[in-house]
Each structure stands twice: as structure tokens, then as C-alpha cells.
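The values are calculated or read from the model by the stated rules, or taken from the named source; none is laboratory data. Nothing here was measured: the structure is a model prediction, and the numbers come from that model. Cβ placement follows ideal geometry from the backbone for every residue including glycine, while neighbour counts extend to all protein chains displayed. The accessibility values were calculated without ligands, DNA or RNA, using every heavy atom of the protein model including side chains. Shrake-Rupley method; radii C 1.70, N 1.55, O 1.52, S 1.80 Å.
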Amino acid sequence: MEIKIGTQLELEPTYTERVEKFLCKVVEQNENIIYIDYPINVATKKTAFLIDGSEFRASFRTGDKQSFAFSTEVIGRKAGNIPMIMLHCPKEDDFIKIQRREYVRVETPVDIAIQFKDYKYQLVTSDISAGGLAVILKGAITFQDGDEVRLTIVLPYANGDVKYVITDATVVRIFEKDNKKIATIQLTDTDDVDQQHIVRFCFERQLVNRRKEINPFDA
């Protein structure tokens with residue numbers, strides 16, 4: 001996918017305990033390489049020196065106001081009138097269109113533990129976002145609509161890392177769909193780092209789902 005010269009990219013480190021954002025501009029693009037100027041750390045306003053091999057989630061907006069994101073990594077740097085950093089540019093199929101909603105919800109199974117009073121349930125989600133999730137209920141449960149619960153969400157990443165997000169939540173609604181009992185749950189006390197973990201997990205799963213749609217026999 002061609003990104004216009006001058007387009008602003010927002011970079012977020014893919015695997016880190018800190019929430020960081022960097023802004024930069026596209027200076028050149030040549031096949032599978034994007035050349036950017038040295039990025040600025042949004043929080044400190046200082047120039048950032050990215051290490052070769054560092055992985056990021058990059059996002060940008062096109063001239064017609066559409067937003068896209070893609071996974072990338074630093075592959076080198078180039079000297080010139082403007083010192084540039086080289087980023088890997090994936091194939092167009094690996095670009096994800098960002099929906100203009102607060103959080104993107106992805107249909108994917110995730111192991112989750114729900115603690116309610118003295119009861120603990122080991123269940124699996126049907127979908128997840130950084131704002132909430134839907135859980136497939138099994139057997140008898142004691143919580144109801146409006147109850148406060150404690151969640152432990154297991155997030156397995158593509159690189160083999162596993163993050164555990166522990167957060168308070170509220171049961172919004174319990175209902176039946178396609179002969180399954182479902183509970184929708186809203187996250188109520190998720191810190192910035194844990195929320196970022198969920199956002200990155202959802203982005204990875206979006207990418208996997210996109211590839212399966214394009215190449216169903218490779219899945």
C-alpha cells in the first residue's frame with residue numbers, strides 16, 4: 001500500500017510494559033520500505049532514537065479521512081539531508097482499516113476467569129475489545145445483570161508472550177443466542193498499560209482473521 005509523502009504516522013511499541021506514542025512523517029517509500037524522519041515522543045516532546053529490530057504498531061489517516069494500521073519494525077537508517085529511519089512496509093493485505101469506534105471488537109476465543117464473591121468460573125470469550133467482552137457461559141452461574149465481578153484475562157500474543165490482565169468489570173446483560181448463554185461484560189477499572197495490551201492483542205487477531213479471509217486454505 002502506498003502511503004503519501006508527508007503523511008503523519010503514529011507509532012506505538014508492540015511489546016512493552018510502558019505506554020508510549022511517537023509521531024513522525026513519511027519522507028520516502030520504496031517498495032517494502034518506508035522512510036520516516038526521526039520521531040518525537042508525544043509525552044516528552046523529545047526526539048526518539050529507535051533501535052533496529054524494534055517492533056511497532058503504526059497508524060495513519062488518508063486524505064479521505066480513512067484510518068489504517070499495520071505492524072512494522074525498524075530495519076535500519078539512511079543518511080542524507082534529512083536523517084531517516086527505515087521501517088518495513090507489509091503487503092496491502094496486512095493493513096487493517098480502523099473502525100471509527102471507541103474500541104474495535106474482535107471475535108476470538110480468549111480464556112478468562114470470572115471471580116464473583118466466593119465463586120470463580122473458568123470460561124471462554126466469544127469476542128473482546130479494550131472496553132469489554134462477551135463470554136460464553138457454561139453450567140450454573142451466580143452473577144446477574146449489574147453485578148460487579150473481577151476478571152483475569154489471558155492474552156496470548158503471536159510472538160509467544162502471554163499477558164494477564166486483571167481488572168474489575170460489570171455484568172451488563174445475560175442472554176441467549178444461537179442456543180448459547182452469553183454474558184456481556186464492561187471493563188470498569190483497566191489501567192492504561194492493560195488497556196494497551198488488549199488493544200494490541202485485538203489488532204493481532206484482526207490481522208490473523210484478515211489473512212484467513214483472504215487465504216482460507218492457508219488457515
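Placing dummy labels 7 Å off each Cα toward the beta-carbon, the span from Glu31 to Lys78 is 1.3 nm. Phi angles across the stretch 201-211 convert, under the Karplus curve 6.51 cos²θ - 1.76 cosθ + 1.60 with θ = phi - 60°, into 3J(HN,Hα) values of 4, 4, 4, 4, 5, 4, 5, 4, 5, 4, 5 Hz, Gly and Pro given as x.
Karplus-derived 3J(HN,Hα) values for the stretch 78-94, using 6.51 cos²θ - 1.76 cosθ + 1.60 with θ = phi - 60°, are 9, 7, x, 4, 10, x, 10, 9, 9, 10, 6, 10, x, 5, 4, 4, 8 Hz; glycine and proline are entered as x. For the stretch 144-157, backbone phi angles converted through the Karplus equation (6.51, -1.76, 1.60; θ = phi - 60°) give residue-by-residue couplings of 9, 3, x, 6, 8, 10, 10, 10, 10, 9, 9, 10, x, 8 Hz, Gly and Pro being listed as x. Altogether, the Stokes-Einstein calculation at 25 °C and 0.890 mPa s, with the Kirkwood radius of the stretch 57-180 over Cα pairs as Rh, returns a diffusion coefficient of 137 µm²/s.
Using a cutoff of 8 angstrom between alpha carbon atoms and counting only pairs six or more residues apart, the relative contact order for the stretch 155-215 works out to 30 percent. Summary value for the chain: 14 percent relative contact order, contacts being C-alpha pairs under 8 angstrom separated by 6+ residues.
Summary of the geometry: the stretch 146-188 and the stretch 11-60, compared by the centres of their Cα atoms, lie 31 Å apart. Computed over protein heavy atoms with a 1.4 Å probe, the accessible surface of the stretch 82-140 works out to 55 Å² per residue. Taking the average, over residues, of other Cβ atoms within 10 Å as the packing measure, peptides 192-199, 135-142, 45-52 rank 192-199, 135-142, 45-52 from highest down. A 1.4 Å probe run over the stretch 9-50, with the rest of the protein chains in place, finds 56 Å² accessible per residue. Split the accessible area of the chain by element, probe 1.4 Å, and carbon with sulfur accounts for 47%.
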